[in-house]
Each structure stands twice: as C-alpha cells, then as structure tokens.
Amino acid sequence: MPFNFTVSPDFAPDHMSGWFYFNTWMQRQLGTDIHLELYDSFEAQRADIRAGKVDLIYANPYDAAMLVREMGFKAVARPAKKRDEALIAVPADSAAQKVEDLMPGLRLATTADPDVHTIGMIMLEPADLDASNITQREYDSYILIAKALLRGEADVGFFLKDGFLELSDLIRKQMRVLVSSQISVVHHALLVGPELQPRFDELQSKLLTMHEDEKGAGVLESMAINGWERMSEEQTEFMIDLIDTLTV
Amino acid sequence: MPEQNSGSAREVLIRYYDGSERTATILDEEVPYPDGKLIVSRTDPQGIITHANQAFIEMSAYSREELIGTNHNILRHPDMPAVAFQGLWETVQSGKKWQGYVKNLRKDGRFYWVKATVIPNIRQGKLVGYTSVRRKPSRSKIAESEALYATLK
C-alpha cells in the first residue's frame, strides 16, 4: 500500500503541478510509493483525515491542531520565511478608510480557508462586526473574491496576503487594503502521520537540505517555497495554542 | 479614535495579589492598539513571563530583557479591579480559556486596551504555563468595560 500525501486545499492553483513534482521527489528520496491526493474542499479532506487515509499533509495551521493533538501527526518541517497573513480589502472607491468605518449589514466575500477567515474576522472586531451582523458569501478563490468586490457584489473581501499579491496589478489597483495582519508566527507545516513516522528523521534530513540540490531547488521553486525549516514539537504546540486563542 | 489625553501624571501604589506592591507613575493617556497585530506572551504556571513577541515589547514599552523573568502583573493598571484578575486565574487554573477586556499599563505610565484571551498550555497532560494573545478591541467594548470596572473597584 502506498502512503497517502495531501495538501491543504488553500494552495495557489498556479502551483498545483509543483506539488506533484514534490511528491515525485519524495518518492525518489524515500524509495517508496506515495500517492498525492488533492481536494477541492476542506471538509472532504478532513473526512479522509479522520478516516485515517492521510499519512503526510502540508497542513494549514488551523487543521494542524486537529492533526497533531487528535490524530498523532508530527511536524517534520515548515516552509522557510513563509508566514500566513490575511488582509481585508475594499473596492478602491469605498467610503471606508479604516476598519472602524465599516457598518453592520456589510457584505463579506471570503473563502473556506479557515486561517484567513479566522484572522479576517478578528480584524473586523474593532468595528463591532461578527457573523451575527454581516452577510457572508464563500468563494472558491481569491480572484473570485476580487471580482465580487469589483462588481459591487461585496463590500469587503478577506484575502491570504500572498494570494492578494499574486493578483494582477490591474485588479489590485481597483482595490484598497484596509488592514493587513502582522502575526508572524502562524504558518503552514508539513506533518507526518503515525504510519510514516518511522521514516521521520530520514525525511526531515532530506527536506532540510532540499534547497541545496539543483533538482530539489527547482521543485521548491515550482511550489513557491524557498526551502524547508526545522519545526520543533514545542514550536508546533505553541502555534496550535495561539490558533486556539483566535477561535474564541 | 477618541483618546483620553489629559497629560497629568500621578503616583499610584499598586498592590498585587501576592502581597507585593510598587509605586507607578500613571499618565491618563491612551496609546492606540496597532491594527492587524497580535500581542503574544507566555508565562510559566506562576505567571512569570517566558516569551514576549515584538508587538508586546513595542506596546508595553519595556525591553525583552525587562519582560522575561518578570511577573505578568507588571502590566496591571490600577484602574483594573482585582476581581477581574481573580476571575482570569480561577478560569485558567481550572483548565479553561479566559477572555476579557483589559486596560494595560505601559512602562511610561500611559495605557492601552486589549481584548485578551488566555489559555493553559498542556503538554503530555501537564500544565506547563499559559499563553496570552491580545487583539484590538472595539471602542464600544472598551466603554462597556470601563463602566463595569468602575463599579467593581
């Protein structure tokens, strides 16, 4: 039976092929079969995680809590210098100049990405806005959120900062950033499940030197990752504790 | 943002739960909470600071060296009722999350309001400390808290 690898569905579509290259790279490094399964929805992926169908996952920090504390996963590495930050944008001609100008009843465009949504909602709190006094619509991608703003279908949009920066200049110039998070310690992580943990040390040492090898560097580039950093158990627990404080 | 800014300084004796006390200079001047940032700190089970992020250092006006190894109650503003902190400690010591609005005292005597969440850090079933994450509160919640705390002093 091959091991199963999956990636948090919030990856940028432009880098999808990069994850397949990465899977091939890992199979060669470990000399074992690994099957990459990509999901469109967080819910479908979580159902398979709970069913024990995942051995390795590039997880968002929100799901990392469940994976580490309930499913026995361990962080093998995190992407170097890549942190998850969110921002709230409005159409460029919006009357709102700061978050406190936003009013109850506003129409929010968001995604199913749990981190961006959670951080975005926290950044709305200074305006006394929460799920009870706004209307929300979920979109499949950040480009669709941008389009909703530009068409006047939404008043504010939540973006992953990197997702916003990947939009074209033409689209970005028609929006204005009201607030951008500066949290610094929330990020994705590569987590290894119990079945694959006997190969943990081997995988970690290959990952930490991946950027030094020409082929490895090429694969990393295709995933828009600079390299992998070691992530200690305590760093993982700290991040999970922090996420825990944000979900109330 | 409305700010109190009377600029008048006063010396206040702050008595802590453990019986210790210190005299602090209090300035009735608010420092606005920075947009998009989280203030993060961790303490050991006794409330001694073991970790402070950059936002904490900037907002508290203390250096990292001054904060690490110091009791977290160094931030306690005399306008905060003792009962609020009693509730915090009782909640987290029973293993639950605590959330509330807190007026914090800076080293320079000015103050800043936060919405704070404190959770116990459990490792292998043992309590190893607490993590406190502070975020920007709304003005209406600050006003509500000010009114409430004034009745609890």
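Of note:
- Set B:133, B:128, B:118: member being among the aliphatic types (A, V, I, L, M), within 11 Å of another protein chain (Cβ to nearest Cβ) and over 16 Å from the mean Cα position of the chain (by Cα): B:128
- Filtered by the rule that a residue be open to solvent by less than 40 Å² (accessible area, probe 1.4 Å) and among the acidic types (Asp, Glu), the stretch A:212-244 gives A:237, A:241.
- Pair list, Cβ under 6 Å, 6 or more apart: the stretch A:196-209 residue of a type outside the set (Phe, Trp, Tyr), other residue assigned to a loop (DSSP other than H, G, I, E, B) and at pLDDT 95 or above: A:196/A:55
- Matching residues, the stretch B:47-61, being open to solvent by 40 Å² or more (accessible area, probe 1.4 Å) and among the hydroxyl-bearing types (Ser, Thr, Tyr): B:50
Matching residues to (1) open to solvent by less than 30 Å² (accessible area, probe 1.4 Å); (2) within 14 Å of chain A (Cβ to nearest Cβ); (3) within 19 Å of residue B:110 (Cβ to Cβ); (4) part of a strand (DSSP E or B):
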| site | (1), (2), (3), (4) |
| --- | --- |
| B:10 | no, no, yes, yes |
| B:23 | no, no, yes, yes |
| B:35 | no, yes, yes, no |
| B:42 | no, yes, no, yes |
| B:45 | no, no, no, no |
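- Answer residue from the stretch B:127-153, given it is part of a helix (DSSP H, G or I) and of a type in the set (Val, Ile, Thr) and is nearest to residue B:71 (Cα to Cα) among those: B:142
- Evaluation of residue B:10 against (1) at pLDDT below 85; (2) basic (Lys, Arg); (3) more than 17 Å from the chain's Cα centre (by Cα) (one fails), failing number: (1)
- Inter-residue pairs, beta-carbon under 6 Å, first surrounded by fewer than 19 Cβ atoms within 10 Å (Cβ to Cβ) and in the stretch B:134-150, second of a type in the set (D, E, K, R), 6+ apart: B:140/A:128
- Where a residue in the stretch B:92-103 is open to solvent by less than 80 Å² (accessible area, probe 1.4 Å) and its partner, wherever it lies, is assigned to a helix (DSSP H, G or I), with Cβ under 7 Å and at least six apart: B:98/B:88; B:98/B:91; B:98/B:92; B:100/B:84; B:100/B:88; B:101/B:141; B:101/B:142; B:101/B:145
- Within the set A:71, A:66, the sole residue that is out of contact with any Pro (no Cβ under 7 Å at 6 or more places or on another chain) and touching a residue at least 40 places away in the same chain (Cβ under 8 Å) turns out to be A:71.
- Considering A:170, A:165, A:124, the condition of being at pLDDT 95 or above, open to solvent by 30 Å² or more (accessible area, probe 1.4 Å) and not hydroxyl-bearing (Ser, Thr, Tyr) is satisfied by A:170 alone.
- Check on residue B:66, under 22 Å from residue A:99 (Cβ atoms) and either modelled with pLDDT of 95 or more or in contact with an Asp or Glu (Cβ under 8 Å, 6 or more places away or on another chain) (or both): no
- Tallying residues that are more than 22 Å from the chain's Cα centre (by Cα), farther than 30 Å from residue A:244 by Cβ and modelled with pLDDT of 95 or more within the stretch A:177-213 yields 5.
- Selection status of residue A:158, assigned to a strand (DSSP E or B), outside the structural domain of residue A:235 (by TED's automatic domain parsing), touching a helix residue (DSSP H, G or I) at 6+ places or on another chain (Cβ under 9 Å) and open to solvent by less than 30 Å² (accessible area, probe 1.4 Å): yes
- Checked against the criterion of being of a type in the set (Asp, Glu) and touching a helix residue (DSSP H, G or I) at 6+ places or on another chain (Cβ under 8 Å), the candidates B:44, B:79, B:108 yield just one match: B:79.
- Residue in the stretch A:26-68 that is least open to solvent (accessible area, probe 1.4 Å), counting only those that are more than 15 Å from residue A:200 (Cα to Cα), assigned to a strand (DSSP E or B) and not small (Gly, Ala, Ser): A:36
- Of all residues in the stretch A:93-115 being modelled with pLDDT under 95 and outside any loop (DSSP other than H, G, I, E, B), the one that is nearest to the other protein chains (Cβ to nearest Cβ): A:115
The values are calculated or read from the model by the stated rules, or taken from the named source; none is laboratory data. Computed from a predicted structure; not experimentally measured. So basically every Cβ, Gly included, is an ideal-geometry build from the backbone, and we count neighbours across all protein chains shown. Just the protein is used for accessible areas: all its heavy atoms, side chains included, with ligands, DNA and RNA removed. Shrake-Rupley method; radii C 1.70, N 1.55, O 1.52, S 1.80 Å.
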